[in-house]
1. Using the Cβ atoms and a cut-off under 13 Å, what net charge is assigned to the surroundings of LEU342, where Lys and Arg are +1 and Asp and Glu are -1?
2. Full extension from THR183 to ARG268: what is 0.36 nm times the residue separation minus their Cα-Cα distance, to one decimal in nm?
3. For LYS49 and SER256, compute 0.36 nm times the residue count separating them, minus their Cα-Cα distance, and round to one decimal in nm.
4. Under a point-charge model restricted to the Cβ atoms of Lys and Arg (+1) and Asp and Glu (-1), what is the dipole moment magnitude of the range 94-168 relative to its Cα centre, in debye to the nearest 20?
5. Testing the spin-label approximation: label points 7 Å from Cα along Cα→Cβ at GLN83 and ARG311. State their distance in nm.
6. What is the Rg over Rh value, at two decimals, for the range 57-176, using alpha-carbon atoms and the Kirkwood definition of Rh?
7. Just to confirm a number: summing +1 for Lys and Arg and -1 for Asp and Glu over residues other than THR113 whose beta-carbon lies under 14 angstrom from that of THR113, what do you get?
8. Could you tally the net charge around GLU252, taking each other residue with its Cβ under 11 Å from the Cβ of GLU252, Lys/Arg +1 and Asp/Glu -1?
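What follows draws every value from the coordinates through simple rules; no lab data is involved. Bear in mind the structure is a predicted one, so any value in this text is a computation, not a measurement. Every residue, glycine as well, gets a Cβ built from its backbone with ideal geometry; the counts of neighbours run over all protein chains shown.
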Amino acid sequence: MTVKLSPTRPVVALAMRLTLIAAMTLLAACSLPRSGPSKNEIYSGAVEKGGNTHVIYVNDHVARATNFAPSYGFSNSFLRAGQVGADEIRAGDVLGLAIWENVDDGLLTSLGTSSTALQEIQVDSGGYIFVPYAGRVQAAGNTPDQLRQIITERLATQTPDPQVTVARVAGDGATVSVMGKVTAQGVYPIERPTRTLGAMLARAGGVSIEPEIAVITVKRGNDNGKVWLTDLYSNASNDIALRPGDVILVEEDQRSFTALGALGGQTRVPLGNEMINGVEAVAMVGGLNSNLADPTGVFILRDEPESVASRVLGKTVSGSQRIAYVLDLTRPNGLFLARDFLIRDGDTVYVTEAPYVQWQKRLAALIGPINSANSLQNLSQ
């Protein structure tokens with residue numbers, strides 16, 4: 001009995017060869033998907049190799065040289081400013097006066113009346129008001145009670161035992177503006193309970209965002225000062241005295257770093273008011289991806305200011321420098337160095353893939369077509 005070979009087998013074998021050749025050609029012509037550049041590709045951009053990036057391994061010296069975090073705070077002009085009197089009269093205030101005279105026909109009163117009301121007397125730009133028979137009186141800088149005594153003394157030389165009251169019209173006086181992420185924005189008077197920054201924020205209902213990310217800016221003329229909300233309440237010196245015309249702005253902190261590569265997540269991460277180190281930065285995005293990450297290739301990419309770059313490189317440089325700091329977590333002290341290295345605003349934390357990952361991807365790309373060809377052969381039998 002003669003066995004006839006299936007005419008499809010040579011065709012299938014040819015298809016397998018063509019599929020394998022096509023797969024190998026495709027792998028040679030195209031790069032496989034990956035999360036970013038390899039460690040060697042980053043090294044190839046080093047200054048020593050004609051690139052524009054300084055690639056620096058982190059050691060104790062580098063950790064110390066870069067160990068600073070720009071902090072917020074108030075200058076001496078803010079810290080040394082004294083508190084404003086809660087009832088101090090200022091230029092532009094509108095006052096109301098009432099004068100009683102102990103005679104039937106007084107200087108200001110008429111027959112049958114014992115008092116005279118002088119309503120809405122505005123303090124001029126020089127700080128003065130005019131009171132009949134008392135003349136031009138300096139009001140600015142005095143409290144209503146002090147101004148009352150001054151006017152009383154002047155009138156006493158012309159009418160017996162005058163009695164005077166002085167009141168500021170409601171809504172005037174020294175004020176500040178509170179804006180931004182607060183419960184109740186508005187213009188608030190500086191009163192006895194609200195002479196300081198913390199008290200004024202409370203008067204505005206407090207901040208409307210998480211306290212840990214709230215930054216308070218005080219604008220006073222051409223000067224600005226910033227402070228974390230948490231630092232405001234933890235350090236009494238930051239609770240500065242307010243001045244008329246101050247603008248208080250509450251904002252959400254925008255400082256952040258970006259995490260990319262073979263990590264548990266790839267995202268933009270807010271820094272908040274904490275000092276974050278390399279270990280914490282990696283942990284905040286889920287740690288290293290154990291199936292992909294190369295623990296010898298943890299990079300922190302940063303534009304380093306001139307002063308810091310000079311300390312790191314051990315030579316004088318001009319302008320900011322691109323630096324790729326390398327953390328090798330496999331070294332005996334690698335984790336300690338990562339713990340001592342601080343992350344700053346604008347940093348990019350990038351973890352390269354392990355070399356074997358690309359080989360796995362290439363192998364998978366080759367095996368896939370071969371398995372498909374084998375399936376075709378099995379079907380033809």
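1. In short, -1.
2. On the way: separation 85, 0.36 × 85 = 30.60 nm, distance 2.75 nm.
Here the answer is 27.8 nm.
3. On the way: separation 207, 0.36 × 207 = 74.52 nm, distance 3.08 nm.
Gain on extension, LYS49 to SER256, equals 71.4 nm.
4. Working: 4 positive and 8 negative charges, 53 e Å.
So the magnitude is around 260 debye.
5. 3.9
6. Numbers: Rg = 25.4 Å, Rh = 17.6 Å.
Across the range 57-176, the Cα-based Rg/Rh ratio is 1.44.
7. Working: positive: none; negative: GLU101, ASP104, ASP105.
Net of charged neighbours comes to -3.
8. Numbers: positive: LYS181, ARG255; negative: GLU210, GLU212, GLU251, ASP253.
Around GLU252, the charge tally is -2.
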